[in-house]
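Engineer: Would you mind keeping the following structure in view while I ask a few things?
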Amino acid sequence: MLKSWLSKNPYQVIATAAFVDLFILCITWEWFISPLRPGGSWLILKAIPFLFAIPGLWKGNVYTMQWASMLILLYITEGLVRILETGANFWMATLETTLGTLAFICLLIYLKPIKARAKAAKQELAEAEKQA
């Protein structure tokens, strides 16, 4: 188990951990800590997209990381909007914004060399076709 953790890119592990934390945060925020209605609200369903992203992030699936980096922007935006509230909502929104930003930055850092290699390979293929 430890070997699988050590073999992974640290940015991949941090991004995955941030997504897991955001999943837990969304559920606890909307169900226990400060729901919109007493007893919880349907806003808890906003945690569902994390269930689709987390396995792909852990496996290092580049396609999942690409769409997850766009998905996380919605949660960062929600956190920035709800940060204007008071009490527990302020702290939950601050945590959501922080975790979302951390995940977004880690995903971009992880994907940058992969995209650069893909771009170089594409350019090399185009030059080879041009010479042929």
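Engineer: Looking only at the stretch 102-126, count how many residues are over 16 Å from Y75 (Cα atoms) and in contact (Cβ under 8 Å) with a residue 40 or more places away in the chain.
Structural biologist: 4
Engineer: Scan the stretch 3-10 and give yes if some residue there is basic (K, R) and in a helix (DSSP H, G or I), otherwise no. Give the steps one after another, and end with the answer.
Structural biologist: Residues of the stretch 3-10 basic (K, R): 3, 8.
Still in the running and in a helix (DSSP H, G or I): 3.
Taking every residue of the stretch 3-10 in turn, at least one turns out to be basic (K, R) and in a helix (DSSP H, G or I).
Engineer: Can W42 be described as among the hydrophobic types (A, V, I, L, M, F, W, C), modelled with pLDDT under 95 and farther than 23 Å from E30 by Cβ?
Structural biologist: Criteria not met by W42.
Engineer: Return the total of residues in the stretch 84-119 being in contact with a Phe, Trp or Tyr (Cβ under 6 Å, 6 or more places away or on another chain) and of a type in the set (V, I, T).
Structural biologist: Summing the residues that are in contact with a Phe, Trp or Tyr (Cβ under 6 Å, 6 or more places away or on another chain) and of a type in the set (V, I, T) in the stretch 84-119 gives 1.
Engineer: Taking W67, is it among the aromatic types (F, W, Y), in a helix (DSSP H, G or I), modelled with pLDDT of 95 or more and closer than 30 Å to S7 by Cβ?
Structural biologist: yes
Engineer: Looking at the stretch 20-51, which of its residues are in a helix (DSSP H, G or I) and free of Cβ contacts under 8 Å to residues at least 12 places away in the same chain?
Structural biologist: I24, T28, F32, W42, L45, I48
Engineer: Further question on the same structure: Give just the number: which of (1) loosely packed, with under 13 Cβ neighbours inside 10 Å; (2) touching a residue at least 40 places away in the same chain (Cβ under 8 Å) does V81 not satisfy?
Structural biologist: Checking V81 against (1) loosely packed, with under 13 Cβ neighbours inside 10 Å; (2) touching a residue at least 40 places away in the same chain (Cβ under 8 Å), the one that fails is (2).
Engineer: I need the full set of residues from the stretch 84-97 which are touching a residue at least 12 places away in the same chain (Cβ under 8 Å) and assigned to a helix (DSSP H, G or I), in order please. Please lay out each step first, then the result.
Structural biologist: Step one: of the stretch 84-97, the residues touching a residue at least 12 places away in the same chain (Cβ under 8 Å) are 87-89, 92-97.
Those that are touching a residue at least 12 places away in the same chain (Cβ under 8 Å) and assigned to a helix (DSSP H, G or I): A88, N89, M92, A93, T94, L95, E96, T97.
Engineer: Residues in the stretch 52-75 that are of a type in the set (S, T, Y) and either touching a Lys or Arg at 6+ places or on another chain (Cβ under 8 Å) or in contact (Cβ under 8 Å) with a residue 24 or more places away in the chain (or both): how many?
Structural biologist: Number satisfying all stated conditions: 2.
The values are calculated or read from the model by the stated rules, or taken from the named source; none is laboratory data. Keep in mind it's a predicted model, so treat the numbers as computed, not measured. Reconstructed Cβ throughout: ideal geometry from the backbone, glycine too, with neighbour counts over all protein chains shown.
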